Amino acid sequence: MSQPALFTPFVIRDITFRNRLWVSPMCQYSVEKRDGVPTPWHTVHLGSMAVGGAGLVMTESTAVEAIGRISPEDTGIWNDEQRDAWKPIVDFITSQGAVAGIQLGHAGRKASIYADWNFPGAQGTVPDQEGGWQTVSASATAFDGYLPADELSIADIDALVETWAEAARRSVEAGFTVIELHGAHGYLIHQFLSPLSNLRTDEYGGPLESRARLLLRIVTRVRETIGEGIALFVRVSATDWVDGGWNEAETAKVADWAHAAGADLFDVSSGGNVTGVKIPVGPGYQVPLANFVKQHSHIATSAVGLITTPELANEIVEDGRSDAVFIGREMLRDPHFALKAAIELGAEIDYWPSQYLRAKPKPTA
Ligand SMILES: Cc1cc2nc3c(=O)[nH]c(=O)nc-3n(C[C@H](O)[C@H](O)[C@H](O)COP(=O)(O)O)c2cc1C
C-alpha cells in the first residue's frame, strides 16, 4: 500500500519534515515569573507532541520584545537568558525526530492583556500598576475593548525590523530550524496589512505595497540574518471576514512578494483584527483560504482550523489544497495524535518511540 500523502516527507531548503502533520502554535500563558523565559511546562507540553510523532513542533507566539507579548505570561526571545532556556527544549524536540519551529510574534495593539485563566473575569488591557504596558501599533487606534495604542514612528519601525532580526538570530542560536513570523490574528504585522487598522498616510499606509512594507522588510532582514538553510514561514490571516478589510486576493499578492523576499511557506489562518464579524466556522473552514493562496501565488501553504481527523488532514494534502496541515486543539486533547493518525491511515512510520513500542497496536490480519 502506498504511503498516505500526510505521511510523506516534505523538504524546505535544508529541512526535512518526516510528515506533514504539524503542531500549531498555541499560547500557554505559563511564564509565571513574567520574564519571558520558557519553563518545564513548555518542555513537557512541546516535548510530548514531538514524542507523539508530529513532523513539526511549533512554539507558542514568542515575543520579539517585552511590549510585544500578548500577556505578561508569554514566552519571549529578546534576550540571551530566554534563548538559553529554549535550547534544551529544542534539543529534546529534535532528538525525537521532529523539526523544532518558533513562532515569533509582536501583539502590537493587542498586547498587554489578561491571560485566559489567571485573572478570572478580567478583560482587556492590563493596566501599568498590574504589570501591563502602553501598546504600539500602525496607528493610534484601539482593538475593541482594549486601550488605544501609540502610533509607531518611522524610527520606531526601523528599530523594530532589527528587533525581529535579532529574535530570529537568537532562535537559530537556540537550534530552531523553522522560524515563523506571526502576521495573523490581528497582531502587529496584521495591523499594518489591514486597511481597517492601518490609517497611516506615509510609506507604511495606504496602497497594498505600503501596508505590506513592514512585513516585507522583516522577511528580508530575517532571511539575511538566518542564512539560506533555515525555513521561514509567515502565518497570515487571509481575510478580516468583512467587506473593505484585508482579503485573500491581497494575501496571495503579498505571498508572492514575501516569497521573493525569502519566505518559504504561508501558514494560512483568518480573522482576529476586528470583532463582530461572521466567520463560517466548521471542519476545515479555512482550507479554501489556504487553497486560494496556493492557487494564486507561488509559495507553499499550510492549512489550519478545525482539522480534527486523520482522514480530513490526509485529504487536504492529498488533493493538493495545501502542502501540510497544522493541528491545534486536537493536539492538546491528544499529544500523540500523529502516531494514532499513522495507524489509522495505515502509514508505515519508523518513529514510534521505542519506549512506547509495547503499546503499538498490532496490525490486524
Ligand atoms: C490555547 C490556544 C492558544 C493559541 N495560541 C496561538 C498562538 O500563539 N499563535 C497562533 O498563531 N495561533 C494561536 N492559536 C490558534 C491555533 O494555532 C489554531 O490556529 C486554532 O486553534 C485553530 O486550529 P484548531 O482548530 O486545530 O485548534 C491558539 C489556539 C489555542 C486553542
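Read-outs throughout are calculated quantities, based only on the coordinates presented, and are distinct from any laboratory measurement. All of these numbers come straight from a predicted model, not from anything done at the bench. For neighbour counting, all protein chains shown are included, and Cβ atoms are generated from backbone atoms with ideal geometry for every residue, glycine included.
How big is the Rg/Rh ratio for region 32-182, C-alpha atoms only, Rh by Kirkwood, two decimals?
Ratio of gyration radius to Kirkwood radius: 1.00.
Given 25 °C and 0.890 mPa s, how large is the Stokes-Einstein diffusion coefficient of region 172-236 in µm²/s, with Rh as the Kirkwood radius over Cα pairs?
After rounding, the answer is 195 µm²/s.
Provide the FRET efficiency to the nearest 0.05 for the Ile279-Phe119 pair, computing r from the beta carbons and using R0 = 35 Å.
Taking R0 as 35 Å, the efficiency between Ile279 and Phe119 is 0.85.
Taking a cut-off of 32 Å, what percent of all Cα-Cα pairs in the chain are separated by more than that?
Considering the chain, 27 percent of its Cα-Cα pairs are separated by more than 32 Å.
Using Cα atoms only, what is the angle between the long axis of helix 80-95 and the major principal axis of the chain, expressed in degrees (0 to 90) to the nearest 10?
20
Relative to the longest principal axis of the chain, what angle (0 to 90°, nearest 10) does the C-alpha long axis of helix 248-261 take?
Compared with the principal axis, the helix lies near 80 degrees.
Taking the chain as the reference, fit the longest principal axis to its C-alpha atoms, fit the long axis of helix 287-296 to the helix C-alpha atoms, and give the angle between the two in degrees, 0 to 90, nearest 10.
80
FRET efficiency for Ala260 and Asp156, Cβ-Cβ distance as r, R0 = 25 Å, nearest 0.05? Kindly include the intermediate steps, with their values, before the conclusion.
Numbers: r = 26 Å, r/R0 = 1.04.
After rounding, the FRET efficiency stands at 0.45.
In nm, to one decimal, how far is the modelled label at Glu311 from the one at Val242, with both set 7 Å along Cα→Cβ?
Calculated label separation equals 3.8 nm.
How big is the shadow of the Cα convex hull of region 178-306, averaged over all directions, in nm²?
For the Cα atoms of region 178-306, the hull's average projected area reads 7.4 nm².
May I ask you to derive the FRET efficiency for Thr94 and Lys362 from their Cβ-Cβ distance with R0 = 30 Å, giving the value to the nearest 0.05? Display every interim value, and only then the final one.
On the way: r = 30 Å, r/R0 = 0.99.
Efficiency, rounded to the nearest 0.05: 0.50.
If I model a spin label at Glu228 and Lys340 as a point 7 Å from the Cα along the Cα→Cβ vector, what separation in nanometres do I get?
My value for the distance between the label points is 4.3 nm.
Whole Å is fine, so just give me how far the alpha carbon centre of region 215-243 lies from that of region 15-34.
Region 215-243 and region 15-34 have Cα centres separated by 17 Å.
Taking region 37-80 as the region of interest, what is the percent of Cα-Cα pairs per 10 angstrom bin, listed from the shortest bin to the one with the maximum distance?
27, 46, 25, 2
Identify which of Gln123, Gln82, Gln103 has the largest mean-square fluctuation in a Gaussian network model of the chain, with springs joining Cα atoms closer than 10 Å.
Looking only at Gln123, Gln82, Gln103, the largest GNM fluctuation is found for Gln123.
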